[in-house]
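Only one structure is covered here, and it is reproduced in the block below.
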Amino acid sequence: MHGVTHFLHHYGRSVVFGAALLEQSGLPLPATPVFVAAGVAVGAGDLHHGPTIFGLAVAGSLLGDLFWYWLGRWRGQQVLKLLCRMTLEPDSCARDTEERFLKWGSPSLIFAKFLPGIGTVIRPLAAVAGVGTGTFLWYDALGTVLYIGVFMGLGYVFSDQADGLLATAASVGRALIVILVAGLALYVFVKVYRRRQFLRRLPSTRLAAEELKRRIDAGLAPVIIDLRTPLQIKAFPYSIPGALKIPLQSFEKGAAVLPAGRDVVLFCDCPNEVSSAKAAMLLQRKGVTNAWALTRGIEDWKERHYPLEAMA
């Protein structure tokens, strides 16, 4: 541990600021070990001006958060889709984060950094939701101070025992690393396997935008259901003419009042049409065999310049 604290003694300010900035900018470089090590160095007296070090860590983190917030204001849903493609659950990460954000509002930013997968997406999501810069900075700053304070505080509190803890970890280090890596690999494998199994079932539930347009023009219009979230609708407040708005959360109840004997086409604005595909498979299990998810959702319909109607 002495080597680490000696290094931080010379380069601590730059390292702490850079680690916080790079992590919150989206690079896969966890900054929490740096915060803990900085806390240890401050507690051991190898790194002076603790409040300054803490302030630099907070400043670097906030700059990274503002970067994604402003990207969210500039590109909105495109940024959310980009971030979700980097996660293990790209099909549902934006919807899950949005549900939490709509439930708790801006204060959810305070605890977002502690929740894997949520902290990354919630920053541009707040911009899409219309949260002002001042409000975003206030709650994000509170969360950043709490997050960095916890890890630097842990390092500071246990600075006297740091060498002993490292010696213990070194004695069981190899076995511990093997167990952790194996557990992480198994977790990733299960996630990827389940997602691939689900995606394999999707083709049978899809209907192309051209086919839906052909049926509408031929007078065979099915029941069309818009499953987009409130923030997705806010980002693009238009829908396919005649579409019913039924939130996915209450879809099972809403499905009970659908006209009998009619074809059903559902659409969303999510990767792989997962929300609409899940709803279509739910209807198929309930005996509605002619239920489909619109391929590429509202995006493909819009790109083909098919008719749209403004939503109230």
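The values are calculated or read from the model by the stated rules, or taken from the named source; none is laboratory data. Remember, predicted model here, so these are calculated numbers, not experimental data. In this analysis, Cβ positions are derived from the backbone assuming ideal geometry, glycine residues included, and neighbour counts consider all displayed protein chains. Heavy atoms of the whole protein, side chains included, go into the accessibility calculation; ligands, DNA and RNA do not. Shrake-Rupley method; radii C 1.70, N 1.55, O 1.52, S 1.80 Å.
General observations
- Count - residues of the stretch 126-140 that are at pLDDT 85 or above, in contact with a helix residue (DSSP H, G or I) (Cβ under 6 Å, 6 or more places away or on another chain) and of a type in the set (A, V, I, L, M, F, W, C): 4
- For the stretch 46-75, taking the residues that are touching a Phe, Trp or Tyr at 6+ places or on another chain (Cβ under 9 Å) and hydroxyl-bearing (S, T, Y), the one that is surrounded by the fewest Cβ atoms within 10 Å (Cβ to Cβ) is identified as Y69.
- Residue satisfying all of: in the stretch 204-229; more than 15 Å from R304 (Cβ to Cβ) and open to solvent by 80 Å² or more (accessible area, probe 1.4 Å); modelled with the lowest pLDDT among these: S204
- Qualifying residue in the stretch 239-260 (condition: over 30 Å from K103 (Cβ atoms), open to solvent by 20 Å² or more (accessible area, probe 1.4 Å) and modelled with pLDDT under 75): yes
- Number of residues in the stretch 24-40 that are open to solvent by less than 40 Å² (accessible area, probe 1.4 Å) and in a helix (DSSP H, G or I) equals 8.
- Any hit, the stretch 170-193, residues being among the aliphatic types (A, V, I, L, M), modelled with pLDDT under 60, under 30 Å from G45 (Cβ atoms) and more than 33 Å from the chain's Cα centre (by Cα): yes
- Matching residues in the stretch 111-164 - criterion: being open to solvent by 60 Å² or more (accessible area, probe 1.4 Å) and touching a Gly at 6+ places or on another chain (Cβ under 6 Å): Y156
- So G43, is it at pLDDT below 80, open to solvent by less than 80 Å² (accessible area, probe 1.4 Å) and part of a helix (DSSP H, G or I): yes
- Considering only residues in the stretch 297-312 that are in a loop (DSSP other than H, G, I, E, B) and open to solvent by 80 Å² or more (accessible area, probe 1.4 Å), the one that is nearest to A243 (Cα to Cα) turns out to be A312.
- Any hit, the stretch 112-119, residues being modelled with pLDDT under 85 and of a type in the set (K, R): no
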